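This report refers to the structure that appears directly beneath it.
What follows is calculated from the coordinates using simple rules that are stated; it is not laboratory data. Values in this document were obtained by computation on a predicted structure and should not be read as measured data. Don't worry about glycine lacking a Cβ; one is built from the backbone with ideal geometry, like all the others, and counts go over all protein chains shown.
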Amino acid sequence: MSDPVVSARKEDALRRKMEKLGIFEKDIEEKFVRSSGHGGQKINKTATCVYLKHLPTQIEVKCQRERSQSLNRYYARKILAGKIEAMILGEKSEEQQKIEKIRRQKRKRSKRAKEKMLEEKKKQSRKKTSRRYRPSSEEMDN
């Protein structure tokens, strides 16, 4: 799967991840099909869309993200590894962790946390207003 478009470091990292998850090239069925969508004649004439099927798990991946077949091969393997990892690790997978983090960030604050935050804001506001320079009426008359 070596290609100059994808850096050797990224390719090697993906290969190690696949080995760690027990995904081997012999277990992957790979087909190249014609892409659909934007791209005009180039897309219609070349088979840049990559279809992968992991035979032991029956997980299928289709990738047509880029116009380059080699990039799509890399991305398809990356997606496949992510799906298998999510299936094996369940909640601990990277994707699940990202989703959980976003969910926590969007969650409403508790009443106590909200009150504490508002109190801090008021305190900061008082501090800033006390720094403001206000000339006295005598100074304005001069």
Worksheet item: Going out from 0 in 10 Å bins, what whole percent of all Cα-Cα distances in region 48-87 drops into each bin?
Response: 36, 50, 14
Response to the item:
As straight-line cross-link partners of Lys122, the qualifying lysines (C-alpha separation under 21 Å, not fewer than 8 residues apart within one chain) are Lys108, Lys111, Lys114
Worksheet, complete the sentence: Summing +1 per Lys or Arg and -1 per Asp or Glu among the other residues with Cβ less than 9 Å from Leu14's Cβ gives +4
Item to complete: Could you sort out which of Lys10/Lys78; Lys26/Lys78; Lys20/Lys53; Lys17/Lys83; Lys106/Lys127; Lys20/Lys101 sit more than 22 Å apart by Cα distance in this structure?
Response: Lys106/Lys127; Lys20/Lys101
Worksheet entry | Most mobile listed residue (Gly82, Gly40, Gly90) in the chain, GNM with C-alpha springs under 10 Å | Gly40
Discussion item. Please compute the Kirkwood hydrodynamic radius over region 58-142, one decimal place, Å, based on all pairs of different Cα atoms.
Written reply: 18.8
Worksheet entry | Cut-off 14 Å between beta-carbons: net charge of the residues surrounding Glu60, Lys and Arg +1, Asp and Glu -1 | +2
Fill in: In sequence order, calculated HN-Hα J values of region 33-48 (Karplus, 6.51, -1.76, 1.60; Hz; x Gly/Pro)
10, 6, 6, 10, x, 5, x, x, 4, 4, 5, 6, 9, 10, 8, 9
Worksheet item: What are the extents of the Cα atoms of the chain along their three principal axes, listed from largest to smallest and rounded to whole Å?
Response: 87, 39, 29
Worksheet item: When the helix-only estimate is applied to the chain (DSSP H runs of n ≥ 4, each -39,500 (n - 2.57), divided by the residue count), what is the mean residue ellipticity at 222 nm, nearest 500 deg cm²/dmol?
Response: -17500 deg cm²/dmol
